[in-house]
Structure formats: C-alpha cells, structure tokens
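In what follows, a single structure is set out as structure tokens and then discussed.
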Amino acid sequence: MADEHKDVWVYIEHKDGVTTPMSYELLGAGKMLADTLGSKVCAFVIGEKTEEIAKNAGNYGAATVYAIDGASFKTFRPDAFAKAGASLVSKFKPDIVLYRATTQGQDLSAAMAAQLEVGLGSDAIDLQIDAGSKTMKLTRAAFGGNFLATYMNTRSKPQMATVRPKVFPMPQHDTAKNAEIVKESFSMAEDDARTKVLQFSQSEVAVNLIEADIIVSGGRGVGGSEGFSVVKALADTLGGAMGASRAAVDSGWVPYEHQVGQTGKTVKPKIYIACGISGAIQHLAGMRTSDCIVAINKDAEAPIFKIASFGIVGDYKQIVPKLVEQFKQKLNK
Amino acid sequence: MKIVVCIKQVPDTEAEVKWDLQKGTLKREGMDSITNPFDEFALEEALLTKEKYDGEIVAITMGPDKAMDVLRNALALGVDQVYHINDPAIAGSDTLGTSYVLAKAIEKVGNVDLVFCGKQATDGNTGIVSPELATRLGFSQLTFVAKVDEIDAAGKKIKVQRGIEGGIETVEAKLPAVVSVSKGINEPRLPNLMGIRKAAKVQIPAWDCDAIGAAKDKVGTEGSHGKVVELTTPPPRSAGEMLKGEMEEVANVLVGKLLDLKVIK
Ligand SMILES: Cc1cc2nc3c(=O)[nH]c(=O)nc-3n(C[C@H](O)[C@H](O)[C@H](O)COP(=O)(O)OP(=O)(O)OC[C@H]3O[C@@H](n4cnc5c(N)ncnc54)[C@H](O)[C@@H]3O)c2cc1C
C-alpha cells in the first residue's frame with residue numbers, strides 16, 4: 001500500500017503571538033526523525049500574525065512552515081486551533097506530528113487526535129524510528145517512573161505525540177536557514193468559537209517548574225512558610241524555581257503550582273536540590289530523571305539519598321544559608 | 001442543570017504493578033485500587049456546583065466489576081445517579097477508545113450541561129481523555145481548571161480560571177462544557193456513615209457497549225491505536241557521593257561541584 005503520508009511536523013506554540021526559544025525546541029527532535037526517514041521536518045503555526053514565528057521556525061531548521069493567520073487565533077483556544085490544525089493535517093498529510101507536553105500542546109494534540117480519529121502518545125522522553133516498519137517508537141515513563149514503556153501506533157496516520165520539554169537538545173538558530181512558507185486560510189466566525197480568553201494574570205512567583213534548569217524544593221522537613229523563605233533564597237540565588245513536596249503543599253506552606261511528583265509536576269532540571277524531603281516514591285516519580293540530584297536531609301536513612309548524586313546529612317537550616325552565602329560570593333552577586 | 005462526573009478506579013501507587021505484555025496493558029486483577037485522586041476533586045466540584053446552582057449529578061465509571069466501588073463512594077457522597085460501563089470488549093481501551101465510550105455514555109445520559117473530570121489519572125497519566133471527550137461531544141474544552149468562577153445555566157455560560165504555564169488564565173465558555181480540574185480547586189469531603197449505609201443498598205445499573213451504542217471495533221485492545229511493544233525498567237539511579245565533614249567545608253565542596261556542572265550562571 002502506497003502511503004501518501006510524509007514529513008515530520010512540529011507544532012510551534014506561542015502565547016498571544018510571543019514565542020520563546022523553547023517554542024521551537026522540537027524542531028531538533030523532528031529533524032532527527034526526518035533524517036532517519038529520509039523526509040523533511042516542517043513546522044505549523046496558527047495565530048493572528050505568524051510571519052515572524054514562521055521565519056524563526058525556518059531559522060531553527062524547518063524546511064517548510066504551514067501557517068494559518070486570522071483574528072480568531074490571537075489567543076490559544078483549543079476548539080478554534082484544533083479545527084484549523086486538523087484542516088492543515090488533512091490537506092498535507094504529515095507522517096508524524098509532534099507537540100510539546102505543555103498545557104497548550106496537550107490541549108491541542110488531544111483535540112486534534114479526537115477530531116482526526118488518530119492515536120496520540122503522550123509525554124515522550126525518547127523517540128526512535130523502527131527500522132523495519134518505519135513507525136515511530138515512543139518511550140514514556142509508566143507508572144510513577146517505575147517502568148519505561150515503548151509504544152507504537154501502526155494503525156493510524158499521522159502518528160502524533162506530545163514530547164516532554166527539555167529532553168531533546170535545542171536546535172541551532174541560524175539566520176542563513178530559511179523555510180518555504182505555505183499560507184493557508186481557515187476562517188471561523190467568532191460566534192462559532194466556544195471559548196474566549198478574558199484575561200491572563202502572570203503569577204507573582206514565576207513558577208515555571210517545567211522549563212527551569214535549576215529547582216530547589218522543600219518538604220515537610222522545612223517546617224513551615226518561614227522555612228520556605230530559606231529555600232526560596234537559594235532558588236533565587238541560583239536563578240532557579242522553587243518546588244515542593246506534597247506534604248509541604250498540603251500543609252499550606254506553598255501553593256499547589258509548586259508541587260513536584262506523581263500528582264504534581266514532572267520535572268527534569270539539570271540540578272534538583274531537595275531540602276527536608278524524604279523521597280517517597282510519588283515524589284521521586286516527578287523528579288528522578290533530573291540530571292543532578294542533591295539531597296539535604298537530617299535522617300541518614302532517608303530514601304532520597306538512594307538516588308541522590310550528592311547527599312548531605314544535616315539540618316537544612318544550617319546548610320542552606322551557607323550555600324546561599326558561598327554561591328553569592330563565588331557568583332559575585 | 002445536569003452534571004456528569006467521570007470517575008476512574010486506579011491501582012494504588014503503593015501496590016506492585018503487573019503488566020500484560022501480550023496485550024500491552026496493565027493487569028488490574030489482584031491489585032489494590034483507589035479512586036483516581038484527581039477525580040475526587042472532580043466529584044467534590046460537582047457536589048459544590050449542585051449545592052450552589054441546583055441540579056442533578058450523574059456519576060459514571062468505565063471499568064471491570066470491581067470498579068463499581070468508586071460509584072458506591074460517589075453515592076455515599078450524595079450523587080443522584082450512577083452508571084457502570086462494564087463490558088469485556090472495552091478492556092484495554094486507549095485514550096481514543098476511552099473518550100469514545102465516555103462520550104457515548106454521556107450522550108445516552110442526555111441533556112448534559114456540564115461534565116467534570118480529573119485533570120489526569122494517576123495510572124496512565126496522559127491527561128488527554130478529557131480534552132478528547134470534549135471534542136467528541138462538541139462541548140467546550142476547559143482543562144487545568146483551578147477555579148470555577150461562575151455558572152450561568154440559563155445563559156448557557158461558564159467562567160473558569162485555568163492554571164497554565166506562568167500564570168492564571170480566565171476563560172469564558174459556552175455550555176455544555178467538559179471541565180477537568182486540578183488539585184487545590186477544593187477540599188474533597190468524606191462520606192458519612194449514613195451515606196455509606198445507604199449507598200451499600202443501591203443496585204448499580206450496568207451499561208455494556210450495546211446499551212450505549214458503542215461500536216466494538218472502536219474500543220478495547222482491538223480498537224486501540226497505540227500498543228506497548230516494549231517494557232523496561234529504567235536504569236537504576238545509583239546513589240552518588242555523600243559529602244561528610246564540618247558544615248562549612250561540606251557547603252564549600254558542594255558549591256564547587258555544582259559550579260563545575262556549568263549550569264549555574
Ligand atoms: C496517590 C498519591 C499521590 C501522591 N503524590 C505526591 C506528589 O505528587 N508529590 C509528593 O511529593 N508526594 C506525593 N504523595 C505523598 C508522598 O507519599 C509523601 O507523603 C510525601 O512526598 C512526603 O513529603 P515529604 O518528603 O516532604 O515529607 P516526609 O516524608 O515527612 O519527610 C520529611 C523529611 O524531612 C526530613 N527533615 C526533617 N527536619 C529536617 C531538617 N531540619 N533538615 C533537613 N531535613 C529534615 C526528615 O528526615 C524527613 O526525611 C502522594 C501520595 C499518594 C498516596
């Protein structure tokens with residue numbers, strides 16, 4: 001059976017037309033898959049004005065960028081974006097479509113999957129091409145990180161997946177590389193949109209745990225909100241984000257946005273510092289793939305030490321302020 | 001207002017996990033089970049909505065015989081009606097199959113204004129069933145909801161706050177809607193003894209694929225688009241180095257090691 005589906009597509013997410021370099025990160029993974037398949041990596045973008053984003057996607061390696069512009073697409077809305085996205089996919093028939101595993105990537109990919117009636121793999125931490133069938137193999141953490149499961153969708157095209165942020169290397173930005181831009185139109189009456197974004201309020205503590213390279217977390221051992229100011233001081237000194245265990249969140253010391261673990265966020269920073277966290281399996285599920293884990297705990301038997309790259313047995317109240325002081329000195333802050 | 005809440009039974013995280021590699025699915029027999037923690041928030045939000053705006057709550061679950069337990073719990077907490085979608089054909093459904101079955105069941109319930117789900121289930125952890133469900137039903141898709149501000153049943157509108165990267169987004173949507181909730185939206189109540197006693201006596205109605213008009217080739221292992229082809233345990237993370245000595249010195253050593261990683265700027 002001749003298969004007309006070709007190319008690897010990457011969805012470029014943005015917030016009201018604004019992107020960050022991370023918005024383009026999957027063009028790296030997409031290129032790797034496309035090279036293996038002997039096809040092209042392409043991008044698709046939906047927004048009010050997409051020229052700048054499309055140009056950038058080309059700089060980051062997309063061979064072709066499919067774009068839909070329209071006033072209805074100023075702010076991300078799942079129903080409107082999914083209808084537009086599905087129209088592109090139905091017309092150009094990509095083989096693979098990748099989205100970041102963010103709130104937007106998840107919302108859009110799921111809505112498109114249901115509309116197109118195709119499978120969706122989620123939160124991939126590895127992507128390969130099966131040599132025989134040329135099907136994408138997607139690996140993800142299963143059951144609290146105790147297993148790695150590899151999935152294949154041999155039944156429907158395109159093969160779609162969300163990919164965990166920061167597991168694949170960033171592609172190079174090169175202004176010499178430019179994409180062919182294909183503009184498509186898709187119009188939607190405002191009355192047909194089911195949702196409308198009224199407002200966005202940036203949280204005071206920018207808790208973007210998922211994108212942070214450095215996370216300093218506190219647990220029950222931190223003892224209260226005052227203790228968390230010590231944890232936060234270290235996070236701030238290192239330019240990182242502050243995380244927490246569920247015990248700390250449930251005690252009301254920090255809001256839920258900070259929770260790391262099975263029922264919180266799954267994170268993969270380069271450095272994760274756990275202060276007063278015992279290392280319960282549900283907490284580990286959210287952070288065990290961090291590159292470097294530092295554990296500070298006064299109980300030498302705490303399970304967190306079993307997975308820590310560096311462990312210190314002691315009271316966080318003594319150690320953390322010393323760390324803040326020494327980092328400040330050495331970083332000239 | 002007619003409210004549906006979708007509840008899933010999941011294996012207890014403490015339990016030993018067994019996989020059926022042939023089918024590529026979880027072996028659910030013989031494992032301790034609990035109500036998916038996020039669904040407890042969904043159920044509580046349904047109860048709060050009913051208390052504030054009046055209405056009727058229908059709880060549904062899809063799963064094997066013992067999944068009925070989660071419906072008894074829902075009854076004990078005061079939901080008005082429950083349905084157990086139970087059919088050997090649906091075992092091993094992927095998210096696409098699951099959202100299809102739930103959509104068929106919700107259509108069968110009929111005239112639904114609002115569906116509450118947990119933002120994800122702690123076993124599969126995909127978080128994609130509720131947005132797929134919204135799309136299938138043609139309802140508004142409201143995910144990661146941290147607060148329901150206002151419901152205008154007559155005007156068929158709902159206003160919610162969504163917790164997304166970097167902040168809170170306020171969204172107004174048309175009803176009907178599928179709302180999937182995050183932790184922290186409320187404090188789930190516990191059932192009281194009287195509720196539990198009353199719930200124990202209820203005959204729980206079961207629906208199979210025929211009852212909801214679901215095509216068997218779209219559900220279960222057969223209807224799944226994705227299949228687990230390999231299952232491995234991640235390479236064990238070996239314990240690293242314990243830094244010992246006087247605190248000043250230990251801090252100094254750690255700072256040096258972390259700066260060597262060239263991540264901190
Ligand atoms: C379904 C389910 C889902 C869950 N999801 C999550 C989740 O997403 N995230 C999560 O974190 N947990 C989750 N949990 C809870 C988890 O099981 C643990 O209860 C929780 O992680 C414990 O938090 P903790 O380590 O802060 O507290 P504890 O286990 O109480 O540990 C506190 C630690 O602090 C140390 N300590 C005390 N004082 C000091 C001091 N002065 N200096 C240094 N160390 C000190 C102690 O030695 C101890 O090791 C979940 C549980 C269930 C059942």
Those helices (runs of 4 or more DSSP H) lying entirely in the range A:1-103 with at least 1 residues closer than 26 Å to A:V118 by Cα and among the aromatic types (F, W, Y)
A:78-92
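Within the range B:232-265, which residues are among the charged types (D, E, K, R), farther than 30 Å from A:K137 by Cα and surrounded by 11 or more Cβ atoms within 10 Å (Cβ to Cβ)? Break it down stepwise before answering.
Just the residues of the range B:232-265 that are among the charged types (D, E, K, R), to begin with: B:237, B:241, B:244, B:246, B:248-249, B:257, B:260, B:262, B:265.
If we keep only those that are farther than 30 Å from A:K137 by Cα as well, we get B:241, B:244, B:246, B:248-249, B:257, B:260, B:262, B:265.
Of everything in the range B:232-265, those that are among the charged types (D, E, K, R), farther than 30 Å from A:K137 by Cα and surrounded by 11 or more Cβ atoms within 10 Å (Cβ to Cβ) turn out to be B:E241, B:K244, B:E248, B:E249, B:K257.
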Lone unmet requirement of (1) more than 12 Å from every other protein chain (Cβ to nearest Cβ); (2) assigned to a helix (DSSP H, G or I); (3) out of contact with any Leu (no Cβ under 6 Å at 6 or more places or on another chain) for B:E132:
(1)
Any hit, the range B:209-222, residues being in contact with a His (Cβ under 9 Å, 6 or more places away or on another chain), away from every other protein chain (no Cβ under 12 Å) and at pLDDT 95 or above:
no
Can you tell me how many residues in the range B:135-172 are more than 9 Å from every other protein chain (Cβ to nearest Cβ), within 19 Å of B:K8 (Cβ to Cβ) and not in a strand (DSSP E or B)?
1
Conditions first: (1) within 11 Å of another protein chain (Cβ to nearest Cβ); (2) at pLDDT 95 or above. A:A62 passes all but one, so which condition is the exception?
(1)
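Table: residues versus (1) among the β-branched types (V, I, T); (2) at the interface with another protein chain (Cβ under 10 Å from one of its Cβ atoms); (3) out of contact with any helix residue (DSSP H, G or I) (no Cβ under 7 Å at 6 or more places or on another chain).
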| site | (1), (2), (3) |
| --- | --- |
| A:I96 | yes, no, no |
| A:Y99 | no, no, no |
| A:A113 | no, yes, no |
| A:L138 | no, yes, yes |
| A:A149 | no, yes, yes |
| A:N153 | no, yes, yes |
| A:T162 | yes, yes, no |
| A:V167 | yes, no, yes |
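List the strands (runs of 3 or more DSSP E) inside the range A:198-278, counting only whole elements, that have at least 2 residues being surrounded by fewer than 24 Cβ atoms within 10 Å (Cβ to Cβ), more than 21 Å from the chain's Cα centre (by Cα) and within 9 Å of the ligand (Cβ to nearest atom). Please lay out each step first, then the result.
Values: elements: A:214-218, A:241-244, A:271-275.
Filter on the range A:198-278 gives an empty set.
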Quickly run through the range A:279-333 and pick out the residues that are over 16 Å from B:P236 (Cβ atoms), within 12 Å of the ligand (Cβ to nearest atom) and part of a loop (DSSP other than H, G, I, E, B).
A:A280, A:K298, A:D299, A:A300, A:E301, A:A302, A:G314, A:D315
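The values are calculated or read from the model by the stated rules, or taken from the named source; none is laboratory data. Bear in mind that the values here come from a model prediction, so they are computed numbers and not experimental data. Note that each Cβ is placed from the backbone with ideal geometry, even for glycine, and that neighbours are counted across all protein chains shown.
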